[in-house]
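The values are calculated or read from the model by the stated rules, or taken from the named source; none is laboratory data. Predicted model only: the values in this text are computed from it and were never measured. Using ideal geometry, Cβ is built from the backbone for each residue, glycine included, and neighbour counts are taken over all protein chains shown.
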């Protein structure tokens, strides 16, 4: 059983609810990591240690499992997220040009977040939408048949709306 987190961060209470529902079962590690990432946006060292202690697992095991799966993030994401599919169909239809254009325009390398924390750029091996290639997922919305210009326009429109509000 866990106690309140010393930081006072109430998000840990949500993790605690999940842990309680799962009866602190060690075989629920991956699900617990998913819950924690959904709540915090990424898995910090503090969160990983919290999960390790709560499940009575060695921190090395929790870290090992978390780093094995590519779906877990270890750095705070940007305000906006852009994932470009680089699977075969998307690659053949120009996914690399999309990635290069975004990287150049926003000064962000694939797999990282821009210095102003506005945009996280990711690549995905395959998003399973090959007939829609190339595919871009921006802030959770799938956009089909993209190219560098349409993707930059999509990002710009989103950033312009944010500046107005």
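Of the numbered conditions (1) surrounded by fewer than 14 Cβ atoms within 10 Å (Cβ to Cβ); (2) at pLDDT below 95, residue 61 fails exactly one; give the number of that condition.
(2)
Quick one: would you say residue 149 is part of a helix (DSSP H, G or I) and touching a helix residue (DSSP H, G or I) at 6+ places or on another chain (Cβ under 9 Å)?
Considered against the rule, which asks whether it is part of a helix (DSSP H, G or I) and touching a helix residue (DSSP H, G or I) at 6+ places or on another chain (Cβ under 9 Å), residue 149 comes out as yes.
Residues that are within 19 Å of the chain's Cα centre (by Cα) and more than 20 Å from residue 158 (Cβ to Cβ): does the stretch 93-104 have at least one?
no
Report, by residue number, each residue of the stretch 120-140 that is part of a strand (DSSP E or B) and within 20 Å of residue 76 (Cα to Cα).
The answer is 120, 121, 122, 123, 124, 137, 138.
Could you grab me the full set of residues in the stretch 93-111 that are assigned to a helix (DSSP H, G or I), in contact with a strand residue (DSSP E or B) (Cβ under 6 Å, 6 or more places away or on another chain) and under 27 Å from residue 40 (Cβ atoms)?
99, 102, 106
Among the residues of the stretch 65-87, is any in contact with a helix residue (DSSP H, G or I) (Cβ under 8 Å, 6 or more places away or on another chain), under 27 Å from residue 21 (Cα atoms), free of Cβ contacts under 8 Å to residues at least 40 places away in the same chain and in a helix (DSSP H, G or I)?
Checking the stretch 65-87: at least one residue is in contact with a helix residue (DSSP H, G or I) (Cβ under 8 Å, 6 or more places away or on another chain), under 27 Å from residue 21 (Cα atoms), free of Cβ contacts under 8 Å to residues at least 40 places away in the same chain and in a helix (DSSP H, G or I).
Condition first: surrounded by fewer than 14 Cβ atoms within 10 Å (Cβ to Cβ) and either part of a helix (DSSP H, G or I) or within 21 Å of the chain's Cα centre (by Cα) (or both). Now tell me which residues in the stretch 48-58 satisfy that.
49, 53
Given the condition surrounded by 15 or more Cβ atoms within 10 Å (Cβ to Cβ) and in contact (Cβ under 8 Å) with a residue 40 or more places away in the chain, answer yes or no: does some residue in the stretch 5-15 qualify?
Taking every residue of the stretch 5-15 in turn, at least one turns out to be surrounded by 15 or more Cβ atoms within 10 Å (Cβ to Cβ) and in contact (Cβ under 8 Å) with a residue 40 or more places away in the chain.
Any idea which of (1) modelled with pLDDT of 95 or more; (2) assigned to a helix (DSSP H, G or I); (3) surrounded by 14 or more Cβ atoms within 10 Å (Cβ to Cβ) is the one residue 39 doesn't satisfy?
(1)
Within the group 103, 133, 95, which residue is modelled with pLDDT of 95 or more and surrounded by fewer than 19 Cβ atoms within 10 Å (Cβ to Cβ)?
103
So residue 90 fits all but one of (1) within 20 Å of the chain's Cα centre (by Cα); (2) in a helix (DSSP H, G or I); what number is the exception?
(1)
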